[in-house]
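The values are calculated or read from the model by the stated rules, or taken from the named source; none is laboratory data. Everything numeric here is computed off the predicted structure, so don't read it as measured data. Cβ coordinates were reconstructed from backbone atoms using ideal geometry, including for glycine residues, and neighbour counts include every protein chain displayed.
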Amino acid sequence: MILVVDDDASVTTSLALLLKQAGYQTLCASSPAEALELIGREDLALVIQDMNFSRETSGEEGLELLGKIKAGKPQLPVILITAWGSIGLAVKGIKAGASDFITKPWSNQQILQCVATTLEVAAATAPRPRAALSRNELDAAYDFHNLIGLDPKFLRLLEMVGRVSDTDASVLITGESGTGKELVAEAIHRNSKRRNAPFLKVNLGGISSTLFESEMFGHVKGAYTDAHQDRKGRFEMAQGGTIFLDEIGELEASSQVKLLRVLQDRTYEVLGSSLPRTVDVRIISATNRNLADLVEREAFREDLLYRLNLIAIHLPPLRERRQDIPLLANYFLENIGAVYRRRDLAISQAALWWLQGLEWPGNIRQLKQWIERTLLVSGKDVLEVEDFAAVGEMDLPQFRKEALPAAGSLTLEQIEKAMILKCLEQYPGNISKVAEALGLSRQALYRRFEKYGIVP
């Protein structure tokens, strides 16, 4: 059931008829008081509310109504209706908990798309009263073949990716460089209902404002001096599929306005033509920059930010999912070995443990590049610590500061004993693995067992 709230009877009547024809059940309210009464009584899936009631342009009553709805039923999605000139008001509403906003005048297709997406997102992101899915369960339900990891945070992230993939919601993927944002974007498309349509990647950092319209929307012959023939833009090329806007934080101000209008109206004009075209694409964007900070510095439009991040996915850096480093390292080694036709490759346990202790400022991309470089330079089938160190990717193991005790707090013997015990926990009953991880012979390890009174 969808509730439509507007003091204009023609608006509520037309919206109710449109939604009914699309298969939705509706209720109508002409005032905030009536709306709150219906919300308290009925089982609603969505509210569509105008922002202006008796106070013609202020929007205060609309914000007040929204606040009461979210206070009473925080999970109930709300779509706001506002004029194009009142986008700032809509942004206030999004900050207060609204799911999306529609500007007047609107098209029926735009409203139906917004309603469908909002309901899909609400269903996909609703709290689940069960335990998180295991990696095996995720792989059975979705295609995550190139997203490697077992870290609990990463598995929760994958579950969210799977749940929102089949919606049409715009997704903003954030995270440091090298964390796999493009791979996640590909996975979202691969698991969506648009999987058989194009997936188009666009690096916005490489498109200047003067070329933005031509690159994104295309141009007709004669649109400018060097336009000798018609050219399709990226949005037309991605029609029916997904467009991935990488480095969205680098987009210049003038280009931000043009992109916002596409997101808002789902229409664009080819350069040199005044005929509007409708676009049907899902937009996924990514950045390693803090867009909220850019908004504060007025370098990024706040209304565009809220249009882009209907779903926000943040990828953790590799240093926050260290238990996945051995999995990733062996996965890359296997793939690289296949490329160079080398079999039976391995990374020693001591080297894997050493790699886990590094900070990895370049994240997963850096790990992959370092493994490939080490394999090629060493020429060995089993890579050791000294092989990685010799390549010179990093000067020394940059262990986490929190992993080391404060100077003077422990003796070297206490640290050594703690490390032995830690390795015994990691490889219970396997003395050879423990010795290998510590860089000791079995005889030297047994001497330390005796020294520290450790019974393996």
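Failed condition for LYS104, given (1) at pLDDT below 90; (2) surrounded by 19 or more Cβ atoms within 10 Å (Cβ to Cβ), with all others met?
Among (1) at pLDDT below 90; (2) surrounded by 19 or more Cβ atoms within 10 Å (Cβ to Cβ), LYS104 violates only (2).
Scan segment 269-288 for residues that are touching a residue at least 24 places away in the same chain (Cβ under 8 Å) and of a type in the set (Gly, Ala, Ser) and jot them down.
Selection gives GLY272, SER273, SER285, ALA286.
For segment 289-315, how many residues are free of Cβ contacts under 8 Å to residues at least 40 places away in the same chain and of a type in the set (Asp, Glu)?
3
State the number of residues belonging to segment 277-288 that are modelled with pLDDT under 90 and part of a loop (DSSP other than H, G, I, E, B).
Qualifying residue count, segment 277-288: 1.
Can you tell me which residue in segment 138-176 is farthest from ARG195 (Cα to Cα), limited to those that are within 11 Å of the chain's Cα centre (by Cα) and of a type in the set (Val, Ile, Thr)?
My answer is THR174.
I'd like to check which helices (runs of 4 or more DSSP H) are fully inside segment 318-380 and have at least 3 residues that are outside the structural domain of LEU150 (by TED's automatic domain parsing), in contact (Cβ under 8 Å) with a residue 40 or more places away in the chain and under 26 Å from the mean Cα position of the chain (by Cα).
325-339, 363-378
Only one of (1) surrounded by fewer than 20 Cβ atoms within 10 Å (Cβ to Cβ); (2) touching a strand residue (DSSP E or B) at 6+ places or on another chain (Cβ under 8 Å) fails for GLY362. Which number is that?
For GLY362, the failing item is (2).
Whether any residue in segment 7-27 is assigned to a strand (DSSP E or B), touching a helix residue (DSSP H, G or I) at 6+ places or on another chain (Cβ under 6 Å), surrounded by 13 or more Cβ atoms within 10 Å (Cβ to Cβ) and touching a residue at least 12 places away in the same chain (Cβ under 8 Å) is what I want to check.
yes
If a residue must be surrounded by 17 or more Cβ atoms within 10 Å (Cβ to Cβ) and over 10 Å from SER348 (Cβ atoms), how many such residues does segment 373-387 contain?
The number of residues fulfilling the criteria is 2.
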